[in-house]
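Peer 1: Here it is, the structure in full.
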Amino acid sequence: MPLNKIETFFSKPWVKYLIVAVLLVIALYYGVTKPFIAHNLILIFLYMGLAQAWNIIGGYAGQLSLGHVAFFGIGAYTSTLLYANLGISPWLGMLVGAALAAAVAYGLGWACLRLKGAYLTLATIAFAEVMRILAANFPSITKGSVGIGIPFRPALANMIFRGKIGYVFLSLGFAFVVYLVCRYIDRNRLGYYLASIREDETTSTSMGINVANNKVLAMVLSAIFVAIGGTIYSQYILFVEPTSEFAYEWSLNMALLVIFGGMGSLYGPILGALILVPIQEFLRMMLGGAFQGLHLVVFGTVLILTVLFMPKGLYITVRDKIRSKTRKTLSDEGGI
Amino acid sequence: MILEAKNVSKSFLGLQALKKLDVSINKGEIVGLIGPNGAGKTTLFNVIGGYLKPSTGEVIFDGHNITGQHPYTVARKGMARTFQIVKPLTGLTVLENVMVGSFLEGTSTKHTQEKAGETLQQVGLYEKRNQTAGNLTLAGRKRLEVARALAIKPKLILLDEVMAGLNATEVQQTIELIHLIREKGITIFIIEHIMHVIMSVSDRVIILNYGEKLCEGTPKEIINDKRVIEAYLGEGFDLA
């Protein structure tokens, strides 16, 4: 049957790679020629990686954190401080930031992950706020609300590029690495354990799963990649300040992209970033000048409609539709 | 002896759910646990499995003192259980539900998938392996509970009312399943309200009443015991 054939066609690996390659070539061509497109590509890839990383704890393990900007800010501030004050390469700073975020996530995980539902979410929001306030109120280290400028010295070793195309590749590489890690998780024991924990903790325990350890591990992995995203963003903007690097919108957007795309699925965050980030930027461009905040109203409406009509997210809804159709055609032919 | 609970008590605030209970189970046995509602049967399972800490006493499983240990450690030592109120991982498929348990044996996904498939074949759910667990009927969910318990390759399995709510055919199938589990060399401790089931599968029956052991013995002995008739079975009980 046609649908069945379409699915088998798309499940062939070379088809997937071909589609990705064609899209990438087109995107990069426009990325080189048009700065606006390049800027969008950078945001898409950056958000793709961030959402994918958030998905480990928020989607797979089902622990709804809205405080991930804390790790983002830690990554951004660590590499920036090391580079601006000590001249240490942001590549190294990025790893230090990731390690620091991992340590913080470990502590936060043990403290908070026994909380359930809204209580966990509130605790993570509060934690991120504390981080923002700390960054604003320790001027001796962070220069407070004034922020820190990163000296513009373009070089690969400094993770600073002339023009935008270097950043397109940087964020693309970031998204790809996080994708590979998540694909590994998705297909192996950890992914099954996290999904099991999301569905029912008592049942997971009865099958020998150490629920607390696995949740903390998911939080740490998630934090590491969000922190790396923070470093990349600050190297792109060349400036860090508490209200931007610790802005609540980052946490919210990571969660929204995944909820829109499909929680706990490998392709959900990718779809979410591919669709929502350009819409958000487009709306900002078209409506931002007309009426303060109008683009956010429209964006919010789109999200509410999605959650109402596709509570499982775009990817999972579509996948299940195709699957149930193929199953029906199979049973017509005397299969399952 | 695979399981020994010595002098186990459990109280919730003022209520004494278990009172100085001694229970022992030999390797390869099927032991039934019966008693009126609120007698403490599920509480005893929870204490044995580590889900509740006993107020006094200790639990020895397979030579290890497991008193107060986490349920996941107890599960890893080889004690599996099913839940009276079924707890499937609703969003996952039937196969994935069982795979989660099978992963205890190794990290290879492919190998785990095969193992889980074998387990599903044993309990007769293999044809439904790609269904979402949330779409199963009650009988299917109870079977899935058993499959998940078997997936961790246990030495002892605690079955908590796996037949409640099933029709006569399904009960018969489950009895066959219990015999199959025993043939694999797994010891079974089973709570059940359906008397003819308990009587036909158990080697030994323990009767709880108000958190105390009323008596224990072979099925024949206990249905003729006056105390059991008074507390649980009722006058003129007859195994129909």
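Peer 1: Contact list please: Cβ distance under 9 Å, first residue in the stretch B:205-218 and free of Cβ contacts under 8 Å to residues at least 40 places away in the same chain, second residue among the acidic types (Asp, Glu), pairs at least six apart or on different chains.
Peer 2: B:Cys215/B:Glu221; B:Cys215/B:Asp225; B:Gly217/B:Asp225; B:Thr218/B:Asp203
Here's the yes/no breakdown for (1) of a type in the set (S, T, N, Q); (2) in contact with a Pro (Cβ under 7 Å, 6 or more places away or on another chain); (3) closer than 23 Å to A:Ile165 by Cβ:
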position: A:Ile26; (1), (2), (3): no, no, yes
position: A:Ile42; (1), (2), (3): no, no, yes
position: A:Met48; (1), (2), (3): no, yes, yes
position: A:Trp54; (1), (2), (3): no, no, no
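Peer 1: In addition: Can you confirm whether B:Leu158 is surrounded by 23 or more Cβ atoms within 10 Å (Cβ to Cβ) and either basic (Lys, Arg) or within 14 Å of another protein chain (Cβ to nearest Cβ) (or both)?
Peer 2: So B:Leu158 fits the description; yes.
Peer 1: Now, a different point. If I ask for residues that are buried (at least 23 other Cβ atoms within 10 Å of the Cβ) and either within 11 Å of chain A (Cβ to nearest Cβ) or modelled with pLDDT of 95 or more (or both), which ones from the stretch B:126-145 would you list?
Peer 2: Answer for the stretch B:126-145, where residues must be buried (at least 23 other Cβ atoms within 10 Å of the Cβ) and either within 11 Å of chain A (Cβ to nearest Cβ) or modelled with pLDDT of 95 or more (or both): B:Ala133, B:Leu144, B:Glu145.
Peer 1: For residues that are of a type in the set (D, E, K, R) and facing chain B (nearest Cβ under 9 Å), scanning just the stretch A:176-233, find the one that is nearest to A:Ser65 (Cα to Cα).
Peer 2: Out of the qualifying residues, it is A:Arg198.
Peer 1: Any idea how many residues of the stretch A:173-232 are of a type in the set (A, V, I, L, M, F, W, C) and under 18 Å from A:Ile44 (Cα atoms)?
Peer 2: Total satisfying the criteria: 12.
Peer 1: Any idea which of B:Val94, B:Val74 is β-branched (Val, Ile, Thr), within 22 Å of A:Gly62 (Cα to Cα) and surrounded by 23 or more Cβ atoms within 10 Å (Cβ to Cβ)?
Peer 2: The conditions single out B:Val94.
Peer 1: Can you tell me which residue in the stretch B:186-233 is surrounded by the fewest Cβ atoms within 10 Å (Cβ to Cβ), limited to those that are under 17 Å from B:Gly38 (Cα atoms) and aromatic (Phe, Trp, Tyr)?
Peer 2: Here the answer is B:Tyr210.
Peer 1: Looking at (1) under 23 Å from B:Ile152 (Cα atoms); (2) touching a residue at least 40 places away in the same chain (Cβ under 8 Å); (3) aliphatic (A, V, I, L, M), which is the only condition B:Leu18 fails?
Peer 2: Of everything listed in (1) under 23 Å from B:Ile152 (Cα atoms); (2) touching a residue at least 40 places away in the same chain (Cβ under 8 Å); (3) aliphatic (A, V, I, L, M), B:Leu18 misses just condition (1).
Peer 1: Take A:Ile37 and tell me if it is in contact with a Phe, Trp or Tyr (Cβ under 8 Å, 6 or more places away or on another chain), assigned to a helix (DSSP H, G or I), modelled with pLDDT under 95 and surrounded by fewer than 19 Cβ atoms within 10 Å (Cβ to Cβ).
Peer 2: yes
Peer 1: Look at the stretch B:75-111 and say how many of its residues are facing another protein chain (nearest Cβ under 8 Å) and in a loop (DSSP other than H, G, I, E, B).
Peer 2: Number of matching residues: 8.
Peer 1: Any residue in the stretch B:47-59 that's away from every other protein chain (no Cβ under 14 Å): show its pairings with residues that are among the acidic types (Asp, Glu) at Cβ separation under 9 Å, as long as the two are six or more apart or on different chains.
Peer 2: B:Gly57/B:Asp22; B:Glu58/B:Glu4; B:Val59/B:Glu4
Peer 1: So, one more: Residues A:Arg153, A:Arg162: which one is more than 25 Å from A:Met48 (Cβ to Cβ) and free of Cβ contacts under 8 Å to residues at least 24 places away in the same chain?
Peer 2: Checking each option against the conditions leaves just A:Arg153.
Peer 1: May I pose another question? When you look at A:Ala135, is it of a type in the set (A, V, I, L, M), more than 14 Å from chain B (Cβ to nearest Cβ) and surrounded by fewer than 17 Cβ atoms within 10 Å (Cβ to Cβ), yes or no?
Peer 2: The answer is no for A:Ala135.
The values are calculated or read from the model by the stated rules, or taken from the named source; none is laboratory data. Since the model is a prediction, treat every value here as computed from it, not as a measurement. Note that we place each Cβ from the backbone using ideal geometry, even for glycine, and neighbour counts take in every protein chain shown.
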